[in-house]
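Read through the structure below, which is laid out as structure tokens, and then see the notes.
The values are calculated or read from the model by the stated rules, or taken from the named source; none is laboratory data. None of these values were measured; they are calculated from a predicted model. Positions of Cβ are generated from backbone atoms using ideal geometry, with glycine treated the same way; all protein chains shown enter the neighbour counts. Keep in mind that these areas ignore ligands, DNA and RNA; they rest on the heavy atoms of the full protein, side chains included. Shrake-Rupley method; radii C 1.70, N 1.55, O 1.52, S 1.80 Å.
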Amino acid sequence: MNIVTAILDVLAPRHCLVCGRILGVNESHLCLHCDSDIPLTWSWTHERNPIADAFNEALAAMSADAVPAVYFRAAALMYYREGDGYRNILRALKYDGDVRAGRKYSRMLGKFLSSGGLYSDVDLVVPVPLHWRRLLSRGYNQSAVIAREIARSLNATYAPSVLRRTRRTTSQVHRTFSERSRNVLGAFSAGKIPPTTRHILIVDDTFTTGSTLAACTLALLKALPADSGIRISVVTLAKVDN
């Protein structure tokens with residue numbers, strides 16, 4: 001037993017992010033019950049899955065030009081619905097500054113990705129960038145927190161500067177797919193990509209309609225030679241189950 005943690009828990013009890021129960025000294029962020037009951041998607045085990053289908057549909061809908069005739073891989077660690085307690089893991093990371101919780105579940109996702117065959121060859125991990133004003137006000141990029149842990153798990157290069165946000169976008173919350181697409185289309189550009197790169201993984205916090213990830217993918221495709229042979233995949237910590 002960690003005596004310091006036990007004392008701190010008496011003075012300022014920690015609560016499960018999902019159910020709100022007071023955590024025990026050996027629990028962190030979630031109680032044992034909620035931690036063992038995370039609604040995992042298992043999408044990293046199948047190339048074709050509902051998340052990847054939704055992403056490929058979003059990419060095709062947002063592209064004015066034909067995208068390469070390949071199926072883009074996509075995965076997420078967990079599902080959540082509006083009002084679901086598991087949404088609080090993302091809220092804690094994105095709005096409450098709970099970077100430690102974000103790191104914990106990002107490592108879990110990274111472990112799953114590295115143990116399967118679909119993402120084990122990823123050599124470049126790229127977070128979805130924030131506009132500099134939002135980054136300044138928040139103090140960190142939640143997607144970068146996730147991407148850094150995944151890069152470590154995959155023994156890949158973490159590359160936060162490959163994608164740039166060229167203009168500030170308004171919140172995507174409560175927007176339709178068409179509105180989200182118009183909001184982010186053309187909002188990203190890609191910089192120099194290492195010549196040895198073979199598989200790029202774009203990382204965001206949440207997959208709702210796939211429009212932001214699709215806009216980032218289109219920016220990378222625009223920067224890559226048509227015959228580069230570089231694969232692009234996307235992952236998120238969560239997928240909204242709608």
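Which entries of Lys94/Lys239; Lys104/Lys192; Lys104/Lys239 show an alpha-carbon separation above 25 angstrom in the structure shown? Distance filter (> 25 Å) returns Lys104/Lys192. Listed peptides 214-223, 132-141, 152-161, 74-83 appear in the order 214-223, 74-83, 152-161, 132-141 once ranked by packing, highest mean of other Cβ atoms within 10 Å at the front. Taking Cα atoms only, the orientation of helix 99-115 departs from the longest principal axis of the chain by about 60 degrees. The order of the peptides 185-193, 32-40 by mean Cβ neighbours within 10 Å, most packed first, is 185-193, 32-40. Distant-in-sequence amide contacts of Gly116, defined by a placed amide H-H separation under 5 Å and a gap of 5 or more residues or a different chain, comprise nothing. Computed from backbone phi, the HN-Hα couplings of segment 184-199 come to 9, 5, x, 8, 10, 9, 10, x, 5, 10, x, x, 8, 5, 10, 8 Hz, rounded to whole numbers (Karplus: 6.51 cos²θ - 1.76 cosθ + 1.60, θ = phi - 60°; Gly and Pro given as x).
Across segment 220-236, rounded Karplus estimates of 3J(HN,Hα) from the backbone phi angles (6.51 cos²θ - 1.76 cosθ + 1.60, θ = phi - 60°) give 5, 4, 5, 8, 9, x, 4, 9, 5, x, 7, 8, 10, 10, 9, 9, 9 Hz, Gly and Pro being marked x. DSSP bridge analysis restricted to the chain gives an antiparallel fraction near 25%, rounded to the nearest 5. When all protein chains stay in place and ligands, DNA and RNA are ignored, the 1.4 Å accessible-area order of Thr208, Thr169, Thr196, Thr45, largest first, is Thr196, Thr45, Thr208, Thr169.
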